[in-house]
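One structure below.
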Amino acid sequence: MLIVGELINASRKSVRELIEKQDAEGIVKIARDQRDHGAHYIDVNAGVFVGREPELLKWLVATVQSAVEAPCCIDSPDPQAIEAALAVHQGTALIIPSR
């Protein structure tokens, strides 16, 4: 069984605010907490930022992977955002083409 930590999702107000400010410390804390509680993958989603999603998803992947030794679950309906995130992702990512 694989566990995916789903808390880094811009649809959550507190996370959206962290992403808007590019608060790496706040994002890292969420990622570490999920990993410490057994997550094998850390989900990243910036879908509420239409037009900025590729840039912000790339930032999320880099931020999470700079602090947590875990692959990301890249969660986006935008192929360009997925491509941008994969360009900086280390290892094998899980892709969820959400709607």
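FYI, it's all coordinate maths here, none of it is from the lab. Computed from a predicted structure; not experimentally measured. Positions of Cβ are generated from backbone atoms using ideal geometry, with glycine treated the same way; all protein chains shown enter the neighbour counts.
Here are a few things to note about the model shown:
- Of all lysines in the structure, the ones whose alpha carbon falls short of 17 Å from that of K13, not counting any fewer than 8 places away in one chain, are K21, K29.
- Magnitude of the charge dipole for the chain, about its Cα centre and with charges confined to Cβ atoms of Lys, Arg (+1) and Asp, Glu (-1), is about 120 debye.
- Counted residue by residue at 0.36 nm each, then reduced by the alpha carbon distance between them, the extension gain from L2 to D33 reaches 9.5 nm.
- Residues E53, E69, E83, sorted so that the one with the fewest Cβ neighbours within 10 Å comes first: E69, E83, E53
- Ranked list, fewest to most other Cβ atoms within 10 Å of each Cβ, for L2, L18: L2, L18
- Neighbour counts of C-beta atoms inside 10 Å place K29, K13 in the sequence K13, K29, starting with the fewest.
- Listed by number, the DSSP H helices of the chain that run 24 Å or longer by alpha-carbon position along their axis and have mean Kyte hydropathy of at least 0.5 come to an empty list.
- Rounded to the nearest 500, the 222 nm mean residue ellipticity of the chain from helices alone is -14500 deg cm²/dmol, with -39,500 (n - 2.57) taken per DSSP H run of at least 4 residues.
- The structure shown yields Cα extents along the principal axes in Å, and of the options (1) 33, 25, 22; (2) 59, 22, 18; (3) 89, 41, 25 that calculated value carries the label (1).
- Pairs of alpha carbons in segment 1-51 whose separation is greater than 15 Å (percent): 43
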